[in-house]
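**Student:** Take this structure first; my questions come after.
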Amino acid sequence: MPRISNRASELGTENAFVVLGEVGQLQAEGKSIVSFCIGQPDFPTPENIQQAAVDAIRAGHHGYTPSPGIPALREAVASFFSRTRKVQIDPEDVVCGCGGKPFIGYSILSTTDYGAGNEVIYPNPGFPIYRSQIIANGAVPVELPLREGRGFAFDLDELRARVNEKTRLLILCSPGNPTGGILSKEDLEEVGRIVAPYENLWIYSDEVYSGLVYDGEFESIAAVDGMLERTIIADSASKTYAMTGWRIGYSANKKLAPAFTRWVTNTDSCPAHPNQYAVVEALNGSQDKALHMRDVFLERRGRIVDGLNAIDGFECQLPGGAFYVWPNITEACKLVGAEDSEELRKRLLYEAGVAVLADIHFGTRVEGEGQHIRFSYASSFEDIDEGLSRISDFMKKNKR
Ligand SMILES: Cc1ncc(COP(=O)(O)O)c(C=O)c1O
């Protein structure tokens, strides 16, 4: 039997899929499970967007498109980025791809050389694909711990201590997965001052939750003085427009756009043609539905945060964005005799019928920060209430 490469054998994944497998198995056995695992809106894609795709199919838009996307989409994205990030983005700086995710890999591939000791700093806890792509592409992963005491932003001195001449890429994610935390304008400005002396340092700004900011406005590092040139803005239609399965994402960076275009040519050729028309409508058409979804998430945020804080042993901050909460459950573990967050997660699943993800699914546990689990509140009010009530009963029953 031919062998599989080390790179492929060791390639990391989103461990959330392991939990989804457990949930599927329990449901197949007839168990009732309330799941807070999935990171996608529970709304259908708005009608006007669906219609634009149907029209595009009927109009015969079936073939390949230019790799970076149809001109109408690149123009729509440039205008969207310019107005929401308060910077000037030209359509030729925009490259569209099959979701926001591919740009993580394209960016590491375009800014680091394999095995050359190039360092990539990334948030921990964070989206697991950052680390797996850094390693698969032969760069050196450097964790940047997020701090609960700073609303799950990182400590700026801890960033300063990690940036050096070997750093090629700094990955930022705000609003963040899995914490929902936000990087403030002041923090972004300080990040700008920290990286400014390093000529070869790029920033990957993962902004896929930019449409889900609840208190104040979305802020991008791209708008910080001197940062636009070195910042890769990455966003997608997935979360804002409930379009996760349509697989359309977009990036902007003047210097890297030609390289990203070649990566798209080398991988997917182009994003799906009719779906590009759908996203033109998403970006240029009425925003009413997107704003409505955001308002519903905002209301759910209040419901789940209050509910969790009412349960013994749970301490939950009010996150500024996305649709995740990241309660500290150190005390809850002690109360029920669970060794750590993973043991509590399993007991919540098997004994209480509530599915969540544990901190170990998003990186190594940060020393001194305690135990956490992630809830996605992209689920109905009924499920939120039922899940909270099951956890509360479980805690009461098992408290030692
Ligand atoms: C932080 C972060 N970045 C990127 C993505 C990828 O999103 P998509 O490829 O659907 O645009 C996700 C999806 O969960 C995410 O949480």
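The values are calculated or read from the model by the stated rules, or taken from the named source; none is laboratory data. Just so it is clear, the structure is predicted and the values come from calculations on it, not from any experiment. Cβ coordinates were reconstructed from backbone atoms using ideal geometry, including for glycine residues, and neighbour counts include every protein chain displayed. Surface accessibility is based on the protein's heavy atoms, side chains included, excluding ligands, DNA and RNA. Shrake-Rupley method; radii C 1.70, N 1.55, O 1.52, S 1.80 Å.
**Student:** Only one of Ile57, Ile38, Ile33, Ile70 is modelled with pLDDT of 95 or more and under 25 Å from the mean Cα position of the chain (by Cα). Can you tell me which?
**Tutor:** Working: Ile57 fails: under 25 Å from the mean Cα position of the chain (by Cα); Ile38 fails: modelled with pLDDT of 95 or more; Ile70 fails: under 25 Å from the mean Cα position of the chain (by Cα).
Of the residues listed, the single one that is modelled with pLDDT of 95 or more and under 25 Å from the mean Cα position of the chain (by Cα) is Ile33.
**Student:** Go through region 277-310 and give me each residue that's closer than 18 Å to Asp385 by Cα and open to solvent by less than 60 Å² (accessible area, probe 1.4 Å).
**Tutor:** Val296, Phe297, Leu298, Arg300, Arg301, Gly302, Ile304, Val305, Gly307, Leu308
**Student:** Separate question: Can you name the helices (runs of 4 or more DSSP H) wholly within region 319-400 that have at least 3 residues being in contact with a Leu (Cβ under 9 Å, 6 or more places away or on another chain)?
**Tutor:** By residue number, 330-336, 381-398.
**Student:** If you check Ile171, Ile129, which single one turns out to be assigned to a helix (DSSP H, G or I) and of a type in the set (Val, Ile, Thr)?
**Tutor:** None of the others qualify; the one that does is Ile129.
**Student:** With the requirement that a residue be surrounded by 18 or more Cβ atoms within 10 Å (Cβ to Cβ) and of a type in the set (Ser, Thr, Tyr), what does region 336-384 give you?
**Tutor:** Within region 336-384, Ser341, Ser376, Tyr377, Ser379 meet the criteria.
**Student:** Can you tell me which residues in region 1-51 are assigned to a helix (DSSP H, G or I) and within 14 Å of the ligand (Cβ to nearest atom)?
**Tutor:** If the condition is that a residue be assigned to a helix (DSSP H, G or I) and within 14 Å of the ligand (Cβ to nearest atom), then Ala16, Phe17, Leu20 are the ones that fit.
**Student:** Sticking with this one: Checking the conditions here, which among Ser238, Ser220 is buried (at least 24 other Cβ atoms within 10 Å of the Cβ) and within 17 Å of the chain's Cα centre (by Cα)?
**Tutor:** Ser220
**Student:** Is it true that Ala234 is touching a Phe, Trp or Tyr at 6+ places or on another chain (Cβ under 6 Å), modelled with pLDDT of 95 or more, part of a loop (DSSP other than H, G, I, E, B) and within 15 Å of the ligand (Cβ to nearest atom)?
**Tutor:** No.
**Student:** Filter region 103-140 down to residues that are open to solvent by 30 Å² or more (accessible area, probe 1.4 Å) and either outside the structural domain of Leu169 (by TED's automatic domain parsing) or within 18 Å of the chain's Cα centre (by Cα) (or both) and give me whichever is nearest to the ligand (Cβ to nearest atom).
**Tutor:** Only one residue tops the list, namely Phe127.
**Student:** Based on what the data block shows, is Gly245 more than 30 Å from Ala72 (Cβ to Cβ) and surrounded by fewer than 22 Cβ atoms within 10 Å (Cβ to Cβ)?
**Tutor:** For Gly245, the condition - more than 30 Å from Ala72 (Cβ to Cβ) and surrounded by fewer than 22 Cβ atoms within 10 Å (Cβ to Cβ) - is not met.
**Student:** Of everything in region 157-188 that's under 20 Å from Phe218 (Cα atoms) and open to solvent by 30 Å² or more (accessible area, probe 1.4 Å), which residue is farthest from the ligand (Cβ to nearest atom)?
**Tutor:** Glu186
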